[in-house]
Every structure is written in structure tokens, then in C-alpha cells.
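First up is the structure itself, then whatever we jot down about it.
The values are calculated or read from the model by the stated rules, or taken from the named source; none is laboratory data. The structure displayed is predicted, hence computed values, not measured ones. Cβ: placed from backbone, ideal geometry, glycine included. Neighbour counts: every protein chain shown. Ligands, DNA and RNA are stripped out before the accessible areas are found, and what is left, the full protein with its side chains, is counted by its heavy atoms. Shrake-Rupley method; radii C 1.70, N 1.55, O 1.52, S 1.80 Å.
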Amino acid sequence: MSIREQAISGLKWTAGGKLAAQIITWAITLVVIRLLTPEDYGLLAMASVFVAFMLMMSEAGLTPALIQKQDLAETSLRNVFAIVIVINLGLMLLLNLLAPAMANFFDEDRLILILQVLSLRFLLSIFGTLPSVRLYRDLKFKHLSLMHLVATILGSILTLILAFVGLGVWALVLGNLLTSLFNVVTLNVIAPTRLLPNFSLQGMRSLLAFGGNITLSRLLWFFFTQIDVIIVGKLLGKEMLGFYSVSMQLASLPVQRVSSIVNQVAFPVFSRIQSDLDQFRQFVLKAIRILSLVAFPVLWGISSVANEMVLLLLGEKWETAILPLQLLALMMPFRMIANFLPSATDALGRPDIGMKNVLLATAIMPGALIIGVQAGIVGVAVTWATIYPFILFINYQRSLKVLELKFSDFLYAILPAIGSALGMYTAVRMVSLFLVSFNLNQLTTLLIMIASGVFVYFSFTLLINRNSCKEAVGLFK
């Protein structure tokens, strides 16, 4: 099977698995949000900031380093296994020791036990690293997709059951833990890797250098994307953090899901073809065109129907989340593309580019968010929608230079989708204003708005973005 066929097969299985999981888990998540309170989501957001930050260091960036390396010896795998054991046990101990201080920071004692339970994820990480490397290097996307599908569904079902019986935030915590447990167990069943750890750093210099850049980029990226949670939680409290975290979750969920689908396939494939730069650049531009074709209508569509969607699906108690959701969703397509580009630059052996990009964002956004939070969570959302795009403009140019692509090539790839989505957004808002006088119920209004948006977007796409549409259809076939 050729690299192109493997890439398409990988996208098919990954996208199919993610789509199936989302159809089921989205329905479950909406029910869970109605059962739980903003305070429950605020508590989880507080705990997740610290846990997810430490998880970024759990394999020291060595998983992508092993995937990218073309010639890989068993000795390197044993050395990496030893490093992963030491790091994860250390992080687990550190999180338990720091839990009281973290709870004190947010003035919330319940965080202590939540953090201690979530620290078990570091034990799971030890046994998931090498099997996942093996599957990614072999481009076994079918196995990975089915595994994540089942794990996500099981975790969501457990969360729903626990929320229904009234366990509050623990429904979210234990559902999260079960998903991780099932992933690790299944990885070891599908790709058992029976190697003893070798506690030596000999011959690890190149892997550690690559992994170090990846880890630093991840840590900076996480700090940059989570600093708003810390600021809102500290200055506005857990209830407002609950509203903000749900609006951010709804706006970023399509980004996370689509990015995980594309990046899960793109990085291993790009690593395989890194020596063929012409084919490499063609793959990059095609991916950007298809990402834009999907990202702009979905996310700007969410923004255009946010009011009706939140009131109908979540209820009036979540009304405060509407305006932040509208603003955040407008910015998210640009973040989705930014999330994709490091998979290309990393595959060329330039993880420093991703690190420099996120370093710039980390230097600017925290100060801007502290100013924005003075106007509440709406001010935070406005800051994301207005300041972050300027940072992305600089970062896009830095990445494209390494890929030997012109900025005009990039604009040519995304502008047709932007134009079509802008026409869709305008049409949906006009339909919304027109429907006010008919006093229709919320569901009917939302369905008419969505149908109008879909019709207008596809009409514009056929007029000004037909080539990208054909590419997407060809990929689907």
C-alpha cells in the first residue's frame, strides 16, 4: 500500500471512529451538562489545569521523537521506557504533594481529593507509551481508531450514569479516568510491547533533544491555552469559570476533534515522506484547504446559532455562556489551522518552530487576558477574538517559511472557505431576525437556521470553492 493510500485509509478510519464517537458522546454530554451545574464544571476545569499540564511532561516528547526517527533500535525503546517510568512516578508524587497548595490557590478544598484521584493517570501513562509508538510507526490507524471509539463511549456512559445518580463533579472525574484506563489496557492487548527498561541515557542525545523541543512547545502551548482558566477561576470564581469553560469547550470541541483526526494521521505520514519536499508541500496545502472547508462553516455556524443552541440544548441557566461562545467560535478556525502546522514542521525535524510560535503567544496573551477579564468572561472572549489572530499571522509566516511555502499560497488555500462561511453567517443571522415575528418554538427556529446555513454555504462553495469541494469528495470516496 502506498503512502497516499495509507494516509487516506488512516483518515478514513480515524475520522470514522471520531465521528461515530462524537455522535454518541455529544448526545450524552448535552444530557450531562443539563444534569450538572456550572460549579461542577468549574471544579473540573480547576483540577484539569494542573493535571493536564503535568501530563504534557509524562513522556518528555519522546513519543513523537520515536515516531519521527526513521531507524529505531530496541535499545532506544528500552531507554525511553525507563525514562517514562521515572518521569511519571515523579509527576504522580509531585501532584499529590502539591494538591493542598493547588486547592488553596483556588480556595477550594474539594480539589485535593480530585487531584489525588486524577494522579492515577500517570501510572496509566507508563504502560501506554511504547504500544502507541508501535501502532503509529506502523500506521495502524484502524486499531487506534476503534480503540479510542470504544474507550470514549464507555467513559461517556459512565459519566452519564454517575451524573444521573447525583455524584456531581465525580461523574466527570471518574468518567475521565475510565477512558484513560480502557485506552491503556486495549493498547497493550493490540500491540503488546514486552521490553525491560534500561536505565541509561547512552545514545539518547538526539531523541532527547527532539523530545525536549516538543515538550517545551507543549508546555508553553498548554500554559497559553489554559492561562484564561486560571485567570477566570482566580478572579471571577468557580461559577463564572463554569460558564466560561463550557463556552470554551463547545467552541473548541470541533477544533480538538478535527485536529486530533488530522494530526494523528498527518505527523506519521509526513515523517515518512519528509525527503520528498514537493509531495510534502502538496500534502500540506491540500490539508489546509480541506481543514478550511470544514472548520469555517462548522465553527462560524456554531457562532451564528449560539443563542438558540444554548437555550434549547443546555437550558436558560447557561445563558451567560452564549456571548462568549459566539466570540470564541469566530476565532477557532484559525486556531485549528495553527494546530495542524506543527505536524508538518515537526516531521521535517524542526520542532523549534512550533516552540517559537507558542512562545510568542505565551509572551503576549496572559497580559492581554488579565486586562480583558476586567470586563468579565465576555472581556476574555473578546481578547481571544481580537488579539490572538494577530499572533497567528506572525506564526503562520514563520511556519510557512520552513515549509518553503508563500503566504499567498496559504491565503489562496483558505480565502474561498472564509468567503463562503461569511456569506453563510450573514444569511443565518438574517433568517434569525426574520423568524422572530413568527413566534416559533426553539427547536423549529434552530433547525430552520441550520438548514439555511447549510444551503447557503454549499451554494457559495460551489460558486467560489469548487476545487476544494472536489478534493474533499475525492478523499471521502
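For the range 138-154, indicate whether the set of residues that are modelled with pLDDT under 85 and more than 22 Å from the chain's Cα centre (by Cα) is non-empty. If you could, list the steps in order and put the result at the bottom.
Step one: of the range 138-154, the residues modelled with pLDDT under 85 are 138-154.
The next check asks that each one be more than 22 Å from the chain's Cα centre (by Cα); those that pass are 138.
The answer is yes, given that some residue of the range 138-154 is modelled with pLDDT under 85 and more than 22 Å from the chain's Cα centre (by Cα).
Go through the range 347-356 and give me each residue that's open to solvent by 20 Å² or more (accessible area, probe 1.4 Å) and either at pLDDT 85 or above or assigned to a helix (DSSP H, G or I) (or both).
Restricting attention to the range 347-356, the residues satisfying the condition of being open to solvent by 20 Å² or more (accessible area, probe 1.4 Å) are 348-350, 352, 355-356.
Selection gives D352, M355, K356.
Taking L341, is it open to solvent by less than 30 Å² (accessible area, probe 1.4 Å), in contact (Cβ under 8 Å) with a residue 12 or more places away in the chain, more than 24 Å from the chain's Cα centre (by Cα) and under 30 Å from L462 (Cβ atoms)? Give the steps one after another, and end with the answer.
Numbers: open to solvent by less than 30 Å² (accessible area, probe 1.4 Å): yes; in contact (Cβ under 8 Å) with a residue 12 or more places away in the chain: yes; more than 24 Å from the chain's Cα centre (by Cα): no; under 30 Å from L462 (Cβ atoms): yes.
Judged against the criteria, L341 is not a match.
Would you say L405 is touching a residue at least 60 places away in the same chain (Cβ under 8 Å), open to solvent by less than 80 Å² (accessible area, probe 1.4 Å) and aliphatic (A, V, I, L, M)?
On the way: touching a residue at least 60 places away in the same chain (Cβ under 8 Å): yes; open to solvent by less than 80 Å² (accessible area, probe 1.4 Å): yes; aliphatic (A, V, I, L, M): yes.
It is true that L405 is touching a residue at least 60 places away in the same chain (Cβ under 8 Å), open to solvent by less than 80 Å² (accessible area, probe 1.4 Å) and aliphatic (A, V, I, L, M).
Got at least one residue in the range 367-382 being open to solvent by 70 Å² or more (accessible area, probe 1.4 Å), more than 16 Å from R335 (Cβ to Cβ), in a helix (DSSP H, G or I) and at pLDDT below 90?
no
Scan A329, A321, A363 and give me the residue that is open to solvent by 10 Å² or more (accessible area, probe 1.4 Å), closer than 23 Å to G379 by Cα and either touching a residue at least 60 places away in the same chain (Cβ under 8 Å) or not β-branched (V, I, T) (or both).
On the way: A329 fails: open to solvent by 10 Å² or more (accessible area, probe 1.4 Å); A321 fails: open to solvent by 10 Å² or more (accessible area, probe 1.4 Å).
Among A329, A321, A363, only A363 is open to solvent by 10 Å² or more (accessible area, probe 1.4 Å), closer than 23 Å to G379 by Cα and either touching a residue at least 60 places away in the same chain (Cβ under 8 Å) or not β-branched (V, I, T) (or both).
Output the qualifying pairs, or none if there are none: Cβ atoms under 8 angstrom, residues six or more apart or on different chains, first residue in the range 107-128 and part of a loop (DSSP other than H, G, I, E, B), second residue at pLDDT 85 or above and among the basic types (K, R).
Close Cβ pairs satisfying both conditions: none exist.
Matching residues to (1) at pLDDT below 80; (2) open to solvent by less than 20 Å² (accessible area, probe 1.4 Å); (3) closer than 21 Å to I33 by Cα:
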residue: I261; (1), (2), (3): yes, no, no
residue: D278; (1), (2), (3): yes, no, no
residue: R281; (1), (2), (3): no, no, no
residue: R289; (1), (2), (3): no, no, no
residue: L311; (1), (2), (3): no, no, yes
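Rundown of residues vs (1) over 28 Å from A338 (Cα atoms); (2) open to solvent by 50 Å² or more (accessible area, probe 1.4 Å); (3) touching a strand residue (DSSP E or B) at 6+ places or on another chain (Cβ under 6 Å); (4) among the hydroxyl-bearing types (S, T, Y), yes/no style:
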residue	(1), (2), (3), (4)
Y412	no, yes, no, yes
P416	no, no, no, no
S420	no, no, no, yes
G423	no, no, no, no
V428	no, no, no, no
V431	yes, no, no, no
L435	yes, no, no, no
F438	yes, yes, no, no
L443	yes, yes, no, no
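Filter the range 218-244 for residues that are under 19 Å from E319 (Cα atoms) and open to solvent by 20 Å² or more (accessible area, probe 1.4 Å) and give the result.
Within the range 218-244, L236, G237, K238, E239, M240 meet the criteria.
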